[in-house]
Amino acid sequence: MPENHRYPPEGLRVPAPCSLAALRDALESGELLEAPVHRCGADHTLYISLDGIEGRIPRSEAVAPWISGSERDIAVLSRVGKQTCFTVTALEADEKGAPLAWLSRRAAQETAMAYFLDHLTPGAVLTGRVTRLEPFGAFVDIGCGIVAILPIEHISISRISHPKERFRVGQKILAAVKCFDRERRRITLTHRELLGTWMENASRFRAGETVRGIVRSVKDYGSFIELTPNLSGLADAKERLEPGDGVSVYIKSIRPERMKVKLQVIEKLPPLTEPDPLRYQITDGVLDHWVYSPPNYEKTAVETVFRPEE
């Protein structure tokens, strides 16, 4: 089970009842709940409907304290229409005598971060939810809206020009902790190790087959074609190919000792409307050493060492 299963990303928590009785229980126990925000007031109070009971998250309780400046305002405004975690801090009656629940997302995030500080180490596998895509990487909610960065170079072995070629906003993914700056509360993730070794990916193909691929780069001497996110092959130079093109390719040879797949492009294909579903070889636990290259690889091994924190 992923290491953040107690504090899943917002939108992935199992729904829980939010009746008045359930809210009273949550107030006493400190249980984390989740519901969508339907409005943000002019004073940045967030409003949530809880089985007919109004819930309010004041601006001061909407975001964890380690987020500051303009990012803080954006983090509050962007909650409208999205699932948001919270704890219940008080129950009272509004000016009309109807039940009113005061809520805190900040407290939920501080609880989750305290757990992460105690339990997360480099190599820990987490469930995440993609919240934003930028040219340099993906922002991933790893629990209660706590966002970690997944740099583009750690997404897959096959190089991509933008994370949108691999992910979509809102997508559930798995990732591992690359490093954790505990003082600044900043977590960096890696993803490629979970997608399998060269041999695990190459074993899905056979010489003589024709399969679909994606052109990832074009050189004078040929084109690198992605067969899976962690496996690419080289095809001889062919005119009018560009990065991102879909192609059908004939597999001429697979050579583990050189970590080479030789391909021949048959023809261009229509582009995919969505990235292919990800296939994970590792889904939980804590990694310490991952080797991508085959045991008989002739050159220096391609590997990742997850170093324990001092």
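The values are calculated or read from the model by the stated rules, or taken from the named source; none is laboratory data. Given the structure is predicted, the values throughout are model-derived calculations rather than measurements. Cβ sites come from the backbone with ideal geometry, for glycine too, and all protein chains shown count toward neighbours. Heads up: the accessible areas ignore ligands, DNA and RNA and are worked out on the full protein's heavy atoms, side chains in. Shrake-Rupley method; radii C 1.70, N 1.55, O 1.52, S 1.80 Å.
Name the residues in the stretch 155-188 that are under 12 Å from the mean Cα position of the chain (by Cα), of a type in the set (A, V, I, L, M, F, W, C) and open to solvent by 60 Å² or more (accessible area, probe 1.4 Å), would you? V169, the sole residue that qualifies. Just so you know, in the stretch 60-100 the residues that are touching a strand residue (DSSP E or B) at 6+ places or on another chain (Cβ under 8 Å) and in a helix (DSSP H, G or I) include one that is farthest from D141 (Cα to Cα), and it is E61. Which of the residues spanning the stretch 3-33 are part of a loop (DSSP other than H, G, I, E, B) and buried (at least 19 other Cβ atoms within 10 Å of the Cβ)? Passing the criteria: E3, N4, Y7, P8, P9, E10, C18, L32. Just checking, does the stretch 192-205 include any residue being at pLDDT 95 or above and surrounded by fewer than 15 Cβ atoms within 10 Å (Cβ to Cβ)? Taking every residue of the stretch 192-205 in turn, at least one turns out to be at pLDDT 95 or above and surrounded by fewer than 15 Cβ atoms within 10 Å (Cβ to Cβ). Restricted to the stretch 75-87, and to residues that are β-branched (V, I, T) and more than 18 Å from the chain's Cα centre (by Cα), which residue is most open to solvent (accessible area, probe 1.4 Å)? For the stretch 75-87, the residue satisfying everything is V80.
Of the residues making up the stretch 42-53, none is out of contact with any helix residue (DSSP H, G or I) (no Cβ under 6 Å at 6 or more places or on another chain), open to solvent by less than 20 Å² (accessible area, probe 1.4 Å) and part of a helix (DSSP H, G or I). Are any of the residues in the stretch 110-133 within 27 Å of R56 (Cα to Cα) and in a loop (DSSP other than H, G, I, E, B)? No: zero hits.
Each row is one residue, and each column tells you yes or no for (1) at pLDDT 95 or above; (2) farther than 30 Å from Y280 by Cα.
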{"residue": "E34", "(1), (2)": "yes, no"}
{"residue": "R72", "(1), (2)": "no, yes"}
{"residue": "L91", "(1), (2)": "yes, yes"}
{"residue": "A112", "(1), (2)": "yes, no"}
{"residue": "L117", "(1), (2)": "no, no"}
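For the stretch 88-141, a residue qualifies if it is polar (S, T, N, Q) and either surrounded by fewer than 22 Cβ atoms within 10 Å (Cβ to Cβ) or in contact with an Asp or Glu (Cβ under 6 Å, 6 or more places away or on another chain) (or both), and the qualifying residues are T89, S104, T111, T121, T131. Here K82 clears all of (1) closer than 29 Å to C179 by Cα; (2) free of Cβ contacts under 8 Å to residues at least 40 places away in the same chain except the condition numbered (2). Pairs needed: first member in the stretch 205-216, part of a strand (DSSP E or B); second member anywhere, acidic (D, E) and open to solvent by 40 Å² or more (accessible area, probe 1.4 Å); C-beta distance under 8 Å; at least 6 residues apart or different chains. Sorted first by the residue in the stretch 205-216, then by its partner, the pairs are V215/E242. Of all residue pairs spaced 6 or more apart or on separate chains, those with beta-carbon atoms under 7 Å, a first member in the stretch 261-278 that is over 23 Å from A207 (Cβ atoms) and at pLDDT 90 or above and a second member that is assigned to a strand (DSSP E or B) and open to solvent by less than 40 Å² (accessible area, probe 1.4 Å) are P270/G246; L278/I173.
In the stretch 135-154 there is no residue that is of a type outside the set (F, W, Y), over 30 Å from A21 (Cα atoms), modelled with pLDDT of 95 or more and over 16 Å from the mean Cα position of the chain (by Cα).
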